[in-house]
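None of the figures in this text is laboratory data; all of them are computed from the coordinates on show. If you're wondering where the values come from, they're calculated on a predicted model, not measured in any experiment. Ideal geometry is used to build each Cβ from the backbone, glycine not excepted, and the neighbour counts take in all protein chains shown.
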Amino acid sequence: MSSRPFNFSAGPAALPEEVLARAAAEMLDWHGSGMSVMEMSHRGREFISIYEAAERDLRELLAVPPNFRILFMQGGGLGENAIVPMNLARTGRVDVVVSGSWSKKSAVEAARYADVKVVAEGFAPVEQWQRRDDADYLHICSNETIDGIEFHELPQLSGSVPLVVDCSSHVLSRFIDWSRVGLAFAGAQKNVGPAGVTLVFVREDLLGRALPICPSAFNYATVAAADSMFNTPPTYGIYIAGLVFQWLKDFSYAGKTGVAAIEQRNIDKAALLYGALDASGFYDNRVPANCRSRMNIPFYLRDERLNDAFLAGAKERGLLQLKGHKSVGGMRASIYNAMPLEGVKALVSYLQDFEKQHG
Ligand SMILES: *Cc1c(COP(=O)(O)O)cnc(C)c1O
C-alpha cells in the first residue's frame, strides 16, 4: 500500500497508514451523519458511540481490570506531572525514581506540590530504591523516550504505596501488569494518536483524594464521574485513537493478534536494529542490554562529523526524523507500533551502506 517515507519521529509520531486513510475517507461525512467528527456535539449519539467503542476496545486490548477507570483527558504527559500530585499527594510525600530525562521532569514538577524524594537514580533494581513506606505514591517512567531506557518488568512494590507509571512512549506496545499499578498515564502522540489526548488509567480506590487546589477539569474523580465529559474532551483525537485501537485489534503477526502480535513485532524490530548497531564499530548504542527500549533507540556515529551527511542521506532514502534529542545529540530511531518491519529493514540497510561508504 505504502509509498510514503518511513518516519522515525519520537513524537508526534507516525500513525498506521490504514488509520490515516480511513480518517481521510470519513472526514467530510462520518457514517452518513453529514458531519465531520470534529463538528459533532460530544454529547450527541454519534460521538458517544465513538467514545464508548474507543474505551471498550482499549480496555479489551490491554486487559484493563474492572476496578480501573480509563479517562481521556488533556494536558499531555507534562500536564500529568502536575495533575497526578494534585490528585494523589494527600500527605505531601512523593517518591520518584529518576531513570532519565522524563522522570527527572516529573520530580521537578511534583516538587511544586509535595516533598519529593528521589529514591533512585539511573536504572537500579527495586531492592536498592530508598523508598518511604508512607509516601502517597511512587513515580516511575517505564520508557524513557530520550535516553532509550525501558523497564521490561514493572516493579512489585511491597506495602501499600501505589505505583504511578508514565508510560507515554510505550503504551500499547506490550501488556501491562495491572496488579502492580495504581495509576498509569500516557500522552497519545507516541503510540496512540494525535497530540492532545492523554490516557489515564486509575484504580478506583485512588479517586477522591485530590487537593483543594486541583482544578475540577483535572480532578480524576470529577472526570471519572462524568465519563471523561466533565468538559469537552479532545473529540477528534479520541476518534483517531479509537481507529488505532481497531487497527490494533485486527493486527496479526507471527500467528498472534492484538497486543501480543504488536509486542512480538516490536521485539523483532528492536532485535534487528540493536543487532545491526552492535555488529558495527561505526555506530554506538550506549544503553545496557537489560534496559534497552524497544521503542526509542538512540545511537551515535563514532565520528560525529558525519552526522549531517548521515541525516541528509537518510532523508534521500525516505528515512525521516532520525536526529537525536537536542539534549543528548546523535541519532534516535523511534520505532513505535506503527513502524513496519520493512521500515527497520530499510534503516538497517542504510546504516550498512553509509558505513561502507564512510567507514
Ligand atoms: C512525550 C513524553 C512526555 C511529554 O508529553 P507532552 O504531551 O509533551 O506533555 C512525557 N513523558 C514521556 C515518557 C514522554 O515520552
Relative contact order for segment 19-248, counting Cα pairs under 8 Å that sit 6 or more residues apart, in percent: 27
What is the distance, in nm, between label points placed 7 Å from the Cα along the Cα-to-Cβ direction at Ser252 and at Ala195? 3.7
Rounded to the nearest 20 debye, dipole of segment 303-359 from Cβ charges on Lys, Arg, Asp, Glu: 160
Run the quick spin-label model on Lys315 and Ile267: label points 7 Å from Cα toward the beta carbon, then report their separation in nm to one decimal. 3.8
Can you give the alpha-carbon Rg of segment 247-359 over 2.2 N^0.38 Å, where N counts its residues? 1.10
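Given an 8 Å cut-off on Cα distances and at least 6 residues of separation, report the relative contact order of segment 220-318 as a percent. Working shown, then result.
Numbers: 57 pairs, mean separation 13.3, N = 99.
It comes to 13 percent, rounded to a whole number.
Which value, to two decimals, describes the C-alpha radius of gyration of segment 60-113 once divided by 2.2 N^0.38 Å? All intermediate terms of the calculation are to be shown ahead of the outcome.
Working: Rg = 13.1 Å, N = 54, 2.2 N^0.38 = 10.0 Å.
Working it through for segment 60-113, the quotient is 1.31.
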Put a dot 7 Å past each Cα toward the Cβ at Leu78 and Ser280; how far apart are the dots in nm? 3.2
What's the magnitude of the charge dipole for segment 208-348 around its Cα centre, counting Lys and Arg as +1 and Asp and Glu as -1 at the beta-carbon? Answer in Debye, nearest 20. 140
Give me the extension gain from Ala21 to Phe175: residue separation times 0.36 nm, minus the current Cα-Cα distance, reported in nm with one decimal. 52.7 nm
Rg/Rh for the chain, where both radii come from Cα atoms and Rh is the Kirkwood radius: 0.98
How do 217-226, 87-96 rank on mean C-beta neighbours within 10 Å, highest first? 87-96, 217-226
In whole Å, how far is the Cα centre of segment 60-93 from that of segment 150-175? 13
Dipole of the chain, Cα-centred, from +1 at each Lys and Arg C-beta and -1 at each Asp and Glu C-beta, to the nearest 20 debye? 320
Among the lysines, which have Cα under 22 Å from the Cα of Lys190 when same-chain residues fewer than 8 positions away are ignored? Lys104, Lys105, Lys249, Lys269, Lys315, Lys323, Lys326, Lys345
Express the Stokes-Einstein translational diffusion coefficient of segment 99-215 in µm² s⁻¹, to the nearest whole number, given a Kirkwood radius over alpha-carbon pairs, 4 °C and a viscosity of 1.567 mPa s. 86
